[in-house]
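**Q** I have a structure I would like to understand better, so I am pasting it below and will then ask my questions one at a time.
The values are calculated or read from the model by the stated rules, or taken from the named source; none is laboratory data. Keep in mind it's a predicted model, so treat the numbers as computed, not measured. Note: ideal-geometry Cβ built from the backbone for every residue, glycine included; neighbour counts use all protein chains shown.
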Amino acid sequence: MAVTDAGGTILSVLVGSASPHEVKLVEKVLEERFTEPSPRKPIGDKAYDSDPPDEALHQQGIDMIAPHRGNRKKKKTQDGRKLRCYKRRWKVKRSFA
């Protein structure tokens, strides 16, 4: 798992077991970053749409941006304004390529 900045420069890397779901590793990968300031608005895919990690990150001043899963039961937490930057997620994919 990795975190990059807007230009694709890697800020944090975490290698671990494949059994836990990615959303459970978000806080740990952000703690293991190479830079001092933490990213304020990380972008993730639909797998990161989970309320408990969102609340924990929000307490740290981090606003996770992830589109809602299709089977979401609870009230939506993000609107289209935040999700506009989701289209730039390809820069992270490029870092792995």
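**Q** Say whether the condition of being surrounded by 14 or more Cβ atoms within 10 Å (Cβ to Cβ), in a helix (DSSP H, G or I) and hydrophobic (A, V, I, L, M, F, W, C) is met by at least one residue in the stretch 70-91.
**A** Yes; the residues of the stretch 70-91 include at least one that is surrounded by 14 or more Cβ atoms within 10 Å (Cβ to Cβ), in a helix (DSSP H, G or I) and hydrophobic (A, V, I, L, M, F, W, C).
**Q** Any residue in the stretch 31-48 that is part of a loop (DSSP other than H, G, I, E, B) sitting within a Cβ distance under 6 Å of a residue that is of a type in the set (S, T, N, Q)? List the pairs, counting only those 6 or more apart or interchain.
**A** Short answer, once both residue conditions are applied: E32/S12; R33/S12.
**Q** With the structure loaded, tell me whether S19 is under 26 Å from A97 (Cβ atoms), free of Cβ contacts under 8 Å to residues at least 12 places away in the same chain and among the hydroxyl-bearing types (S, T, Y) or whether it fails that test.
**A** Considered against the rule, which asks whether it is under 26 Å from A97 (Cβ atoms), free of Cβ contacts under 8 Å to residues at least 12 places away in the same chain and among the hydroxyl-bearing types (S, T, Y), S19 comes out as yes.
**Q** I'd like the full set of residues that are in contact with a strand residue (DSSP E or B) (Cβ under 9 Å, 6 or more places away or on another chain) and loosely packed, with under 14 Cβ neighbours inside 10 Å, limited to the stretch 33-59.
**A** Matches in the stretch 33-59: F34, T35, K41.
**Q** Being in contact (Cβ under 8 Å) with a residue 24 or more places away in the chain, crowded, with 16+ Cβ neighbours inside 10 Å and not aliphatic (A, V, I, L, M): is that true of S12 here?
**A** In short, no.
**Q** Do we find that A56 is of a type in the set (G, A, S) and modelled with pLDDT under 80 in this structure?
**A** Judged against the criteria, A56 is not a match.
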